[in-house]
Amino acid sequence: MPVHGGRRAPRGLSLREASEATILDGRVRTFQTQQAAVNKLIIQIPCLNEAESLPGTLRDLPRHIEGIDTIEVLVIDDGSRDETAAVARRLGVHHVIRFRRHKGLAAAFVAGIDASLKLGADFIVNTDADNQYAGSSIPALLEPLLAGRADVVIGDRDIVSLRHMSASKKFLQRFGSWVVRQVSNTQVPDTTSGFRAYTREAALRMSIVSDYSYTLESIIQAGKRRMAIAHVPIQSNPKTRPSRLFDSMLSYIKNSGATIVRVYAMYEPLKVFTYIGLAVFAAGTALSVRFMYYYLLGDGAGHIQSVILSAVLLIVGFQVILIGLLADVISGNRKLIEDVLYRIRLMELDRPGAGPEQEARADRLSEHR
């Protein structure tokens, strides 16, 4: 691949065309349209004991998509106890990653994104192995990416219309999506949808830290990084089995709530700790006012406990605000580390010999996770 000015020319462009390219909004745009780039799509499918449902999911995937030159499938076997990996190979899946033990949905998703980047994907689509999402909706999912209008596209299942979902689950899903929209400054109506597409640039900048699920964290992260996020209506298939992500609704609420709070605190630590500190400080102030009221009435001797508790709350509130300032400084370092990680990934993926040799290495590594 040609190199120009210390950087690689965009895929499919010559040095001359690369010199006429314009960098706009963090992405390389070129006015040379006579030579189209080769677009490679990898559809990744995290699996856990999906030997029975995987064949139907693979049959439903599109073989040809307008604007995409190459389509490959990547299956991530998250320590399945059945023959999921063997079934995937028998059905002709291009790439298979197999964990020796169960690591969770988030780990499987991250491993898939990492492998897809090493395999040279220009676009990555994530879908579920239980065929919950109709493969015929993948072209619609990719359209905003191919048109350059978005970095990330989320499939909207229209939760209200799902017949297999109870009214209580629909309410919780809609409420949870509203919370995520508020903290991420996005407009995604179905934030728990696992049917989503990423550009290569968006995938390179992604860094998931949660062990539970990637869905909520990735949206909050993309929103805080000012990525262009779109959503499109998709078709969903009838439910074939209960969810394996959580054992009960209470467990789902607990884990999802913890994920939202943790990720939001990572990106807005000063705001989070300031609100908490001010609430504690306000409680201490209220107790001080209460004591002064009784003191002025001549009954202060019987309310010494209020003075003590007020002092404690005022000190704790002030300390929490100081912790917020410190966390904000650490957050600045996190942004620098994320930028360094992004540049390291670029260097790793763009180094000479990162073509077929890199793909073979990615497939070899997939068996040792």
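The values are calculated or read from the model by the stated rules, or taken from the named source; none is laboratory data. On a predicted model such as this, the values are computed, not experimentally measured, just so you know. Cβ placement follows ideal geometry from the backbone for every residue including glycine, while neighbour counts extend to all protein chains displayed.
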Self-check item: Candidates 156, 130 - the one that is surrounded by 21 or more Cβ atoms within 10 Å (Cβ to Cβ), acidic (Asp, Glu) and modelled with pLDDT under 95
Solution: 130
Quiz item: Out of (1) surrounded by fewer than 21 Cβ atoms within 10 Å (Cβ to Cβ); (2) part of a helix (DSSP H, G or I), what's the single condition that is false for residue 202?
Solution: (1)
Exercise. Kindly provide the set of residues from region 65-91 that are farther than 23 Å from residue 213 by Cα and part of a loop (DSSP other than H, G, I, E, B), ordered by number.
Key: 65, 66, 67, 68, 69, 83, 91
Quiz item: Restricting region 92-113 to residues that are surrounded by fewer than 19 Cβ atoms within 10 Å (Cβ to Cβ) and touching a strand residue (DSSP E or B) at 6+ places or on another chain (Cβ under 9 Å), which is farthest from residue 214 (Cα to Cα)?
Solution: 92
Practice problem: Evaluate region 323-332: report whether one residue or more is touching a residue at least 60 places away in the same chain (Cβ under 8 Å), under 30 Å from residue 203 (Cα atoms) and surrounded by fewer than 13 Cβ atoms within 10 Å (Cβ to Cβ). | Solution: yes
Quiz item: Which of (1) at pLDDT 85 or above; (2) part of a helix (DSSP H, G or I); (3) surrounded by 15 or more Cβ atoms within 10 Å (Cβ to Cβ) is the odd one out, the single condition residue 255 does not satisfy?
Solution: (1)
Self-check item: Condition met for residue 150 (in the same structural domain as residue 68 (by TED's automatic domain parsing), touching a helix residue (DSSP H, G or I) at 6+ places or on another chain (Cβ under 9 Å), buried (at least 19 other Cβ atoms within 10 Å of the Cβ) and assigned to a loop (DSSP other than H, G, I, E, B))
Solution: yes
Practice problem: Give me a count of the residues in region 40-64 that are in a loop (DSSP other than H, G, I, E, B) and either surrounded by fewer than 20 Cβ atoms within 10 Å (Cβ to Cβ) or touching a Gly at 6+ places or on another chain (Cβ under 6 Å) (or both). | Solution: 9
Quiz item: For residues in region 74-91 being of a type in the set (Val, Ile, Thr) and within 23 Å of residue 197 (Cα to Cα), which is surrounded by the most Cβ atoms within 10 Å (Cβ to Cβ)?
Solution: 76
Quiz prompt | residue 324 vs. criteria touching a Gly at 6+ places or on another chain (Cβ under 7 Å) and either farther than 30 Å from residue 77 by Cβ or modelled with pLDDT of 90 or more (or both) | solution = yes
Self-check item: Failed criterion for residue 237 (all others in (1) assigned by TED's automatic domain parsing to the domain that holds residue 159; (2) surrounded by 13 or more Cβ atoms within 10 Å (Cβ to Cβ); (3) free of Cβ contacts under 8 Å to residues at least 60 places away in the same chain hold)
Solution: (3)
Quiz item: Quick check: anything in region 270-279 among the small types (Gly, Ala, Ser), under 30 Å from residue 148 (Cβ atoms) and either touching a Cys at 6+ places or on another chain (Cβ under 8 Å) or modelled with pLDDT of 85 or more (or both)?
Solution: no
Self-check item: Criterion (under 24 Å from residue 254 (Cβ atoms), of a type in the set (A, V, I, L, M) and assigned to a helix (DSSP H, G or I)) met by exactly one of 179, 188
Solution: 179
